[in-house]
1. Quick one: dipole size for the range 2-149, taken about the Cα centre, charges +1 on Lys/Arg Cβ and -1 on Asp/Glu Cβ, in debye to the nearest 20.
2. Would you kindly derive the ³J(HN,Hα) couplings of the range 36-50 from the backbone phi angles with the Karplus curve 6.51 cos²θ - 1.76 cosθ + 1.60 (θ = phi - 60°), listing them in order in whole Hz, with x for Gly and Pro?
3. Under 5 Å between amide H atoms, partner at least 5 residues away or on a different chain: which partners does Thr114 have, H built in plane at 1.01 Å?
4. Could you list the residues of the range 95-119 with an amide nitrogen less than 15 Å from a label point located 7 Å from the Cα of Val23 in the Cα-to-C-beta direction?
5. Rank Tyr29, Tyr115, His88 by how far each Cα sits towards the positive end of the charge dipole of the range 23-155 (+1 on Lys, Arg Cβ; -1 on Asp, Glu Cβ) and give me just the farthest.
6. I need the phi-derived Karplus couplings for the range 53-59: 6.51 cos²θ - 1.76 cosθ + 1.60, θ = phi - 60°, integer Hz, Gly and Pro marked x.
7. Can you list residues from other chains, or at least 5 along the same chain, whose modelled amide H is less than 5 Å from the amide H of Ile71?
8. Output ³J(HN,Hα) for the range 85-98: one whole-Hz value per residue in order, computed from phi by the Karplus curve 6.51 cos²θ - 1.76 cosθ + 1.60 with θ = phi - 60°, and x for Gly and Pro.
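Nothing in this text is a laboratory measurement; each read-out follows from the coordinates by a stated rule. Computed from a predicted model, the values in this text were never measured in an experiment. Note: ideal-geometry Cβ built from the backbone for every residue, glycine included; neighbour counts use all protein chains shown.
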Amino acid sequence: MVCRLLEALPGSHLSSRSHSTIVDNSWLYYNLRACIAVSASGGFRRAEISLPAGNAFSAMHMSRASLFFIINKQVVRAPSRQALLGMHEGIILRDLALHCWVAPRELRVTPMFTYAANSGIANRKPITQDFLDSTLRTLLRSWLNEDSARLYSWHSFRIGLACASKAAGAPDPAILALCRWRSKEYIPTYGRINHEMSCGWLDAAVSQDISSIQTPNIGSIPSVSPPETYQYLAAVLALERNLTFKEIRRLTGLLPELDDDDFMRDLTSTPNNHGAESDEDAKPVKANVNAAAVFDIGVRWMRRGAESG
């Protein structure tokens, strides 16, 4: 999915008036490419890498100073061109630093992702959230139909990273730290992990092939049980509440035969014993359990509670 998005970037026509086309190897191309990469491989939120339209950039937002490289175990925020060309990992972010160069003194006052290489610092407008949403929709529609494209949003990158990390065997604390999910219980323990662990799990997550989907996005679920199963469930729902024992008993005949033995015959012939009142009556029950009796026990237990209450 991520590779398809990256491949679809060059030449894509957007609905934006000021940026109608993503020109290959342009400033906008490298910035959008990096937006997708850090979201998919780093789990960054849309609100972390872009701003709402009309909001001014400030020191509270991610800047180009937030991008750094670890070269020879040293953190380098403004590597030389020669050092960048010698890198063979993190190519997308390397290309951002290489082809969208920002002077070291301007790193902290330049938004992390911008539209164009304007001469003045004040003219370097941060990419907005609406623009990212629109771009993602355009890219998805380049190979997906409308219904399928609608299932994805920028938040899907974070969900995908969490699913891929889980598939790679990452423990829950590591996933919480990688995705920067916080709660009162986890803040003290899982707030941070070191670079080596983070890189290791992120690399493992990238290699996973996941196909999970949220339940509301499932169009239809294939039938995995015999039709009799659904007929039985429909009969139960039709009776709604206030089931009498006789009504429950009548449901027994509708229970589907899920085994290849005499399950149904044993089920319908199981006697109805209204509770064991003595040790002699309290004998072990056979493996085949009467579902109607189970319903009956639950009904009588609720009635007993209501009467005693």
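1. Dipole size: approximately 500 debye.
2. 5, 5, 6, 6, 6, 9, x, x, 6, 6, 4, 5, 8, 9, 8
3. Ile127
4. Counting only backbone N, you get 100, 115-119.
5. His88
6. For the range 53-59, the Karplus curve yields 4, x, 7, 7, 5, 9, 5 Hz.
7. Hits under the 5 Å cutoff: Val76.
8. So the J values, rounded to whole Hz, are 5, x, 7, 10, 10, x, 4, 5, 6, 4, 5, 4, 5, 7.
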